[in-house]
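FYI, it's all coordinate maths here, none of it is from the lab. Since the model is a prediction, treat every value here as computed from it, not as a measurement. Neighbour counts are summed over all protein chains in view; Cβ atoms, including those assigned to glycine, are modelled from backbone coordinates with ideal geometry.
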Amino acid sequence: MPSRTKSQLMAENADLRARLAELEYRSANRHSVEGTLPESEIAARKRIQYELKASEARYRRLFETAKDGILLLDADTGRITDANPFLMGLLGYSHAELLGKKLWEIGPFRDITASQDAFRELQTKEYIRYDNLPLETKKQEHIQVEFVSNVYLVNGTRVIQCNIRDITDRQQAENVFLRTHEELLVLVTELKKVESEMKLLNRMNDLLQTCTTQEEAYQVVGMMMSELCAGRDGFLAIFHASDQNLQGVARWGDEALVEARFSLEDCWALRRGQPHDVIDPQAGLLCRHFVHPPGIGYLCVPLTVQGETLGLLCLMDVAVKKGEHQVREQQLALMVGEAIKLSLSNLKLREKLREQATRDPLTGLYNRRHLEDSLSRELHRARRGESPLCIAMLDLDHFKNFNDTFGHQAGDLLLRELGQVLREKLRKSDIACRYGGEEFVIVMPDSSLADTCQRVEEIRALVKKLEIRFGEQLLGTITISAGIAGTREHGGVTMRELLHAADTALYAAKQAGRDRIVVYQEKE
């Protein structure tokens with residue numbers, strides 16, 4: 001015979017009792033009339049009594065051995081009429097402690113404010129269910145149960161059966177699953193963010209590698225950090241060895257954080273030579289390079305390559321983050337710092353190599369190679385803009401005799417002094433070059449012959465007044481000769497022709513007695 005549920009057995013018992021009651025009622029009537037009962041009715045009553053007894057035995061067996069809690073209540077009074085062993089073990093109450101009590105009078109259900117309302121609802125609907133009901137046992141242990149109540153009619157009496165299933169383990173497993181699911185969602189979000197940050201970092205690296213000047217690199221850093229650190233402030237400052245100060249060159253965010261210039265001593269990261277993070281501004285060691293004391297935490301990353309300080313990267317609100325998130329944010333900041341400092345170091349090295357390739361090491365002026373490149377470019381610009389351009393070729397008078405008299409070191413000193421004069425007296429747009437030996441060439445864009453003559457004359461007079469000492473010895477008066485040629489009077493002239501014209505004018509100045517300026521004149 002297939003197994004029956006508790007509900008099925010209770011229904012079966014109720015049906016058998018009803019049939020037995022009906023049979024006994026008819027038998028009693030017939031017995032009073034006829035005096036005796038037919039054997040068939042006697043047999044039927046015995047069969048029903050046997051089936052009822054067997055059914056009640058099956059129900060009792062199931063009631064006693066069930067792995068769910070079973071509670072029986074009087075549907076009219078709400079008092080407990082029976083409880084199975086599993087329920088008593090689950091809640092920690094004895095049979096005597098439960099019997100005769102109303103449901104809301106025992107500990108596990110006492111704090112459920114809706115118990116009496118639920119009881120009244122059950123009397124109306126004859127069914128109520130709680131999928132997840134928290135209960136507290138007699139030992140004050142907390143469990144989760146599935147609570148189902150049904151109303152049955154037994155021998156004309158309405159009975160409530162409450163099935164109580166312990167789902168604590170299942171609920172804990174579901175909670176673990178939900179927590180794991182939430183953690184996975186957070187992890188996926190973090191991974192997506194990391195992927196986005198890596199793409200931005202790679203893009204910044206690509207852009208930095210294509211920069212040709214440090215100014216371009218500063219622009220790239222400001223633009224990319226606004227995306228990488230959206231919603232957070234920060235800045236990049238560059239170290240200038242000339243005055244041992246740092247200057248802010250890029251910032252992102254809404255607030256101006258850093259002083260325009262500050263010293264190495266103002267930053268703890270630069271002092272220590274390692275990243276410096278402040279979690280609590282009220283308790284941490286604050287750097288002094290901020291315009292106002294910061295109200296949030298920050299991270300300073302020194303940009304140092306092979307012991308040389310290049311600058312400082314500062315990110316706000318990074319050190320405030322906790323746990324793994326803080327570690328990842330700091331790792332990103334360090335990766336950004338690595339990218340920036342390597343780019344700046346490469347640009348600095350590239351500029352140094354370019355300087356070495358285009359500068360004269362003795363005077364600091366441009367060399368002949370740079371002159372040829374720049375003069376060709378400036379001639380093209382002058383022709384396109386129909387603007388004047390002049391060049392002046394200068395020569396130190398009697399330089400060979402000077403070297404023979406005072407030595408080559410004194411001659412080098414004289415060349416350096418002339419280079420210094422040219423750097424100080426010329427415009428930023430002018431190009432001063434050491435052409436070779438003691439000869440110098442000055443390219444003066446947007447300068448007429450009259451203006452060029454005036455400025456070269458100022459240089460000639462200034463050089464003549466120089467008092468140059470070599471050791472304890474005061475060197476004699478220094479004079480220069482100069483030849484000037486311009487494009488206005490020689491339209492369409494090439495670089496070679498212009499240099500030849502200036503050289504011809506210089507030769508004429510030498511022949512005329514030196515210490516003078518001659519402007520090139522075409523022969524008619």
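Put the Cα centre of region 445-476 next to the Cα centre of region 257-296 and the gap is 48 Å. The alpha-carbon positions of region 123-279 define a convex hull whose volume is 237 Å³ per residue. The alpha-carbon positions of region 263-369 define a convex hull whose volume is 123 Å³ per residue. Note on residue 376 and residue 362: their simple-model spin labels are 2.6 nm apart, each label 7 Å out from Cα toward Cβ.
Computed over every Cα-Cα pair of region 368-519 and binned at 5 Å starting from 0, the pair-distance distribution P(r) comes out as 2, 10, 20, 23, 19, 13, 8, 4, 2, 1, 0 percent. Ordered by the number of other Cβ atoms lying within 10 Å of each residue's own Cβ, fewest first, 88, 393 fall into the sequence 88, 393. Taking all Cα pairs closer than 8 Å and separated by 6 or more residues, the relative contact order of region 425-524 comes to 22 percent. With neighbours defined as other Cβ atoms within 10 Å of a residue's Cβ, the residues 104, 268 order from fewest to most as 104, 268.
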